[in-house]
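Below: the structure, in structure tokens.
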Amino acid sequence: MPEGHSIQRLARQFQDVFAGQRLSVSSPQGRFASGAALLDGQVLLRADAHGKQLFLGFDNELLLRVHLGLYGAWDFGGDETFAGASSIGAPRRIGEREIPAAGAGPVGGSRIESSGAPGSLGYAGPPEPRGAVRVRLVSGHGWADLRGPTACEVLTPAEAATAVGKLGPDPLHSHSGDAAEFSRRVGASRTAVALLLMNQQVLAGVGNVYRAEVLFRQRLNPWLPGSALSPEGLAALWLDIVSVMSDGVRDGRIITTSPVDRASPATPVPVGEAHYVYKREGLPCRICGTEIALVELGGRKLYWCPRCQE
Ligand SMILES: [Zn+2]
């Protein structure tokens, strides 16, 4: 599932390629036909992300809320101006695995295709929909297709505020008070900190990769109850999450290792050097050499170093 940094990048991409433009909105699959009709012909004013949720705001005040979930994906295509703006797009991604966007256009929770031959000025419009396209947005320069989302609905501003209100603070928004709110929500719970970090009502946007990596970076035992963390520990955990996720927005992939802890100085950072513990079960810890362990916790895989995070 794309983590918060990917949805933040997706929001920026929508902002770049569609903001200020009047869009045709349809549901080729038909499942979202009534919702699409509410947005069709409206101007997209802005795109925002909160945690793993994307909000597209239109000039009739309605919002499209999308949660990609495990299987959702956006595909983009368009003319040269559209594709150029999209070059900041999301990383190539398969499930929770990040692949650097080497060469090919950005792909992943979102995928960008360039329709039309390089150098051609013509834009013939979007291709025939392939598969179950829940919603299609079309501007004068390009298009976006959404398939397989967990959630796709039209909300009023009040309903959107309610949806955001159910979520914990987003480390990628710099609202004052968010650090304190995070500390309050984690510190008030006896649940294992590894479960709390994945709970979107506690913290919005962290998924399995960031969860494992920040717990390692903070040398926190995953089963430590939230209430057992010190105020200093909670503050440090929040700051670390903000730091690595902001890097993820910039880089388009999750890199949590410090250069000094990598076996290779190569750039871009090789996939095998990007993480401390995630998907490294059985491999030696970069710090202490102990085998990285893998357990199931709350139905999700948790990677950790039994020695560093004792
Ligand atoms: Zn270790």
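Every number here is computed from the coordinates shown, using simple stated rules; none is lab data. Only a predicted model underlies this, so the values are computations on that prediction, with no experimental measurement involved. Cβ atoms come from the backbone with ideal geometry, glycine included; neighbour counts cover every protein chain shown.
The alpha-carbon atoms of the range 122-256 define a convex hull whose volume equals 157 cubic angstrom per residue. The calculated pair-distance distribution of the range 178-304 uses every alpha carbon pair, bins of 5 angstrom beginning at 0, and gives 2, 11, 21, 24, 20, 14, 7, 2, 0 percent.
Order by neighbour count: 58, 82, fewest other Cβ atoms within 10 Å first, most last.
Values: 58 21, 82 24.
Ranking 58, 82 by Cβ neighbours within 10 Å, fewest first, gives 58, 82.
Of the residues 13, 82, 140, the one whose Cα sits farthest towards the positive end of the charge dipole of the chain is 13 (charges of +1 on Lys and Arg Cβ, -1 on Asp and Glu Cβ, taken about the Cα centre). Annotation: lysines with alpha-carbon distance below 19 angstrom to residue 166 (same-chain offsets under eight excluded): 52. Treating r as the C-beta distance of residue 262 and residue 31 and R0 as 51 Å, the FRET efficiency rounds to 0.65. Computed from Cα positions, the angle between helix 231-251 and the longest principal axis of the chain comes to roughly 40 degrees. Available extension along the chain between residue 128 and residue 166 is 9.9 nm, counting 0.36 nm per residue and deducting the alpha carbon span. Around the Cα centre of the range 178-304, unit charges on the Cβ atoms of Lys, Arg, Asp and Glu (plus for the first two, minus for the last two) sum to a dipole of about 180 debye. By the count of neighbouring beta-carbon atoms within 10 Å, fewest first, 287, 241 end up ordered 287, 241. Working from the Cα coordinates of the range 243-293, the gyration tensor eigenvalues give, after taking √(5λ), semi-axes of 20, 12, 9 Å in decreasing order.
Rounded to the nearest 20, the size of the Cβ-charge dipole of the chain about its Cα centre is 580 debye, with Lys and Arg at +1 and Asp and Glu at -1.
Share of Cα-Cα pairs in the chain beyond 36 Å, in percent?
Details: 10272 of 47895 pairs.
Tail of P(r) above 36 Å: 21 percent of Cα pairs.
Once the Cα-Cα distance is subtracted from the 0.36 nm per residue extended length, the residue 230 to residue 21 segment shows a gain of 70.4 nm. One chain, two ends: residue 297 and residue 70. Fully extended at 0.36 nm per residue, the span grows by 79.9 nm beyond their Cα-Cα distance. Taking θ as phi - 60° and the Karplus parameters 6.51, -1.76 and 1.60, the scalar couplings of the range 54-61 work out to 10, 10, 10, x, 10, 6, 8, 6 Hz in sequence order, x denoting glycine and proline. Of the residues 68, 215, 156, the one whose Cα sits farthest toward the positive end of the charge dipole of the chain, with +1 on the Cβ of Lys and Arg and -1 on the Cβ of Asp and Glu, is 215.
Every helix of 4 or more DSSP H residues in the chain counts as -39500 (n - 2.57), and over all residues that averages to -8000 deg cm²/dmol at 222 nm.
Note on the chain: dipole from Cβ charges, positive end direction compared against 54, 196, 182; the farthest Cα belongs to 196.
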